[in-house]
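Everything on this sheet refers to the single structure shown next.
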């Protein structure tokens, strides 16, 4: 950074005044230990030393005061600025020439050294910025990072801002790093424009990466929405048909052959009708909350709801079907509310708990563990069933995929977990199987992001 000349001169007094004064005093040591030629070499060393450690203003002043010290104290007539001896005059001229030459060369080397140091500091700041940007997901956090890392490099000579450049034609530019700097505050020769353009390119790439990540997440969310709609349509054609056919066959048999079948067979047919009716009711309930979302693009009517509220609704639905269930809830006293479509999250959680009941049996314990990890709410649903081999952990989320371990694992329809994952992914979370805690053999992890509060919509202008 360039300082005002007066500040440079005042800060370099030890160089341009102190060094010549010390050398002049050394020349008056008793016994004439230091000759005139040696003094001139010492003065020359002082000039070179000043050029390596100070500004060119101080180099010129050091050469000037060295000449004055030599002339005033060590040439005849002493304590005078006059010089009569031709050899002394020649020595002084040679000293001035070589001191200025050496000072100029050393000054250029020092300037190049300072530029290299600044470039090294700039590259280190760029590396730190690159590492920090890997964990940055919002453009708003880029500018504070740039200011924090590059203020030691450029000082107050450069001011940064994040703005969108002027639009050209149909091109819609993204946010870019922009700057203003005081040219007089930057050393000549420092390629400040090149540095800043390199920094701008680095920030532009980071912004493009963030936009690409958001676009990828949006595409993934739309894909999950499509999968969810596909699962709903498939369940209408696939799952509802089987219980309806069974119920129709049993009812037709009772109507047409009531006199020919025994009381026990009739009860079995009635039990079949009731069982299939309950199964059909479960399918319909699985669809109602979701089909209310309409057609076309899937919209989420979000509201604030606590995990505890959703759990109690799910527990009531489970209790209506399995009164003797053994569900236990574990959660901290304080958890943030969720900004979600409550009916969908409830249905996804219900599907997960119902799957745990099928796996562990109606008398087995089911643990619902809720905790906050970073910016996500984790809901673990663990059961004591036979568990699944790791090769099946991902397959069970495919539509209509079912898995059975003989009579130890009740075979389902293959839609519950598929719809569950789609619901949570639509909300920006996920559903996956993880290693269970001690005492359990199967664990399904549901994640939901902790969303910020929505910005209030502007009131309509009735004027």
Notebook entry, point to check: By per-residue mean of other Cβ atoms within 10 Å, what is the highest-first order of 382-388, 258-264?
Noted result: 382-388, 258-264
Item checked: Most to least packed among 67-76, 340-349 [average Cβ atoms within 10 Å] -> 340-349, 67-76
Margin query: Per-residue counts of other Cβ atoms within 10 Å, averaged by peptide: what ranking do you get for 111-119, 91-99, highest first?
Written below: 91-99, 111-119
Margin query: Full-extension gain between residue 209 and residue 105, please, as 0.36 nm times their residue separation minus the C-alpha to C-alpha distance.
Written below: 32.8 nm
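Computed from the coordinates by the stated procedures, all read-outs in this text should not be read as laboratory data. Treat the numbers as computed from the prediction; the structure is a model and nothing was measured. All Cβ positions, even for glycine, are placed from backbone atoms using ideal geometry, and neighbour counts span all protein chains on display.
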